[in-house]
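Read the structure below first, then the notes.
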Amino acid sequence: MKTLQIILIIGIFILTVIGYSEIANAAKSVKIIAHRGASDRAPEETMSAFKLAVKNKADYIEMDLRLTKDNQLILMHDQTVDRTTNGHGNVGSFSFQQLKQLDAGTWFHEKYKNERLISLEELLHQFGSRTQYFIETREVDNELKMEKPLLDLLNQKGLITKNKVIIESFSDKSLKKIHEMNDKIPLVQLVKLQSKHDFTMEKITEWKKYALGIGMNSDLADKELIRTLHRNNLKVYIFFFDVNSEKAEQKRVMEAGADGIFTNHILYTQSLLRKR
């Protein structure tokens with residue numbers, strides 16, 4: 001009897017260790033995606049922010065694309081320049097050269113006074129294949145205008161064949177167009193679903209046709225949902241609508257099995273991974 005008890009205790013101990021090991025290994029494999037660059041220490045989507053992110057060895061640098069009046073791909077999250085520059089108005093109402101005149105740094109801190117907006121081409125020229133890119137596309141006035149110039153530029157830089165790029169979008173139309181143009185490019189469908197129950201098999205089956213993964217808000221991410229998506233060969237990347245709760249949420253979603261974190265705090269995320 002004692003021998004059986006000892007065997008059971010040892011078995012439970014081994015299973016527990018294996019379980020913790022699996023969690024630890026999963027967390028260590030989480031990709032750090034620098035959301036808009038090192039946006040906690042430099043003005044978002046500027047060269048300074050991206051240089052910090054690359055210096056800190058983020059796995060990917062993440063950026064948003066906007067189209068200028070003269071059809072240049074510029075890095076900017078908002079539809080307008082109001083929040084992150086000293087200008088006013090829609091990005092698409094400015095030419096690229098007009099946007100380059102704006103101060104994109106003082107709003108963040110005086111030491112970044114006269115920091116300039118940058119184009120995607122400038123960013124790719126700066127880093128080439130020394131880093132990896134997570135690039136968000138969007139529709140322009142409900143039209144698909146940025147997909148071709150984006151792929152032309154990525155092909156010109158040789159980044160697609162070197163597997164240096166993932167393209168993400170909330171627009172399934174944009175992703176599907178890119179998939180039609182080049183089905184080798186890894187795509188991530190960003191979603192704004194309200195409930196875990198909205199992740200139906202119908203939606204999952206459709207996503208699998210063109211995407212390698214799903215990007216979702218941390219509120220919806222738990223082990224059960226992530227396992228369901230993994231069983232369907234979809235990776236899971238987590239972003240945080242509530243930036244105030246981001247740090248508290250990061251450890252939880254890592255342990256739930258997330259494949260990547262869109263982090264606004266690179267150094268903090270790296271410290272979590274070191275503890276695993």
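The values are calculated or read from the model by the stated rules, or taken from the named source; none is laboratory data. All figures in this text were calculated on a predicted structure; none of them were measured in a lab. Here Cβ is always computed from backbone atoms with ideal geometry, including for glycine, and neighbour counts include all displayed protein chains.
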Discussion item. I need the full set of residues from segment 40-66 which are crowded, with 24+ Cβ neighbours inside 10 Å and of a type in the set (Phe, Trp, Tyr), in order please.
Written reply: Phe50
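So that you can scan it fast, the table gives a plain yes or no per residue for (1) modelled with pLDDT of 95 or more; (2) among the hydroxyl-bearing types (Ser, Thr, Tyr); (3) more than 21 Å from Glu62 (Cα to Cα):
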position: Ala104; (1), (2), (3): yes, no, no
position: Lys111; (1), (2), (3): yes, no, yes
position: Leu123; (1), (2), (3): yes, no, no
position: Phe127; (1), (2), (3): yes, no, no
position: Thr131; (1), (2), (3): yes, yes, no
position: Glu136; (1), (2), (3): yes, no, no
position: Glu143; (1), (2), (3): yes, no, yes
Item to complete: List every residue pair whose Cβ atoms lie under 9 Å apart, where the two residues are 6 or more positions apart in sequence or sit on different chains, the first residue falls within segment 82-108 and is acidic (Asp, Glu), and the second residue, located anywhere, is not in a loop (DSSP other than H, G, I, E, B).
Response: Asp103/Tyr112
Practice prompt. For segment 166-178, state whether one or more residues are outside any loop (DSSP other than H, G, I, E, B), without any contact (Cβ under 8 Å) to a residue 12 or more places away in the chain and more than 17 Å from the chain's Cα centre (by Cα).
Written response: no
Discussion item. If a residue must be touching a residue at least 40 places away in the same chain (Cβ under 8 Å) and touching a Phe, Trp or Tyr at 6+ places or on another chain (Cβ under 6 Å), how many such residues does segment 214-258 contain?
Written reply: 2
Worksheet entry | All positions within segment 119-164 that are among the hydrophobic types (A, V, I, L, M, F, W, C) and under 19 Å from the mean Cα position of the chain (by Cα) | Leu120, Leu123, Leu124, Phe127, Phe134, Ile135, Met146, Leu150, Leu151, Leu154, Leu159, Ile160
Discussion item. Kindly evaluate Leu225 against the criterion of being touching a Leu at 6+ places or on another chain (Cβ under 7 Å), surrounded by 15 or more Cβ atoms within 10 Å (Cβ to Cβ) and more than 18 Å from Ile135 (Cβ to Cβ).
Written reply: no
Worksheet item: Condition test on Ile160, is it part of a loop (DSSP other than H, G, I, E, B) and β-branched (Val, Ile, Thr)?
Response: yes
Discussion item. Looking at segment 209-222, can you tell me whether even one residue there is out of contact with any strand residue (DSSP E or B) (no Cβ under 7 Å at 6 or more places or on another chain), polar (S, T, N, Q) and surrounded by fewer than 22 Cβ atoms within 10 Å (Cβ to Cβ)?
Written reply: no
Response to the item:
Out of (1) of a type in the set (A, V, I, L, M); (2) over 13 Å from Ile118 (Cα atoms); (3) at pLDDT 95 or above; (4) touching a helix residue (DSSP H, G or I) at 6+ places or on another chain (Cβ under 8 Å), the one Leu67 does not meet is (2)
Worksheet entry | Failed criterion for Tyr237 (all others in (1) assigned to a helix (DSSP H, G or I); (2) of a type outside the set (A, V, I, L, M); (3) crowded, with 19+ Cβ neighbours inside 10 Å hold) | (1)
Worksheet item: Looking only at residues in segment 119-140 that are of a type in the set (Val, Ile, Thr) and over 10 Å from Leu73 (Cβ atoms), which one is surrounded by the most Cβ atoms within 10 Å (Cβ to Cβ)?
Response: Thr131
Worksheet item: Any chance segment 173-181 includes a residue that's closer than 25 Å to Gln79 by Cα, of a type in the set (A, V, I, L, M), surrounded by 13 or more Cβ atoms within 10 Å (Cβ to Cβ) and touching a Phe, Trp or Tyr at 6+ places or on another chain (Cβ under 8 Å)?
Response: yes
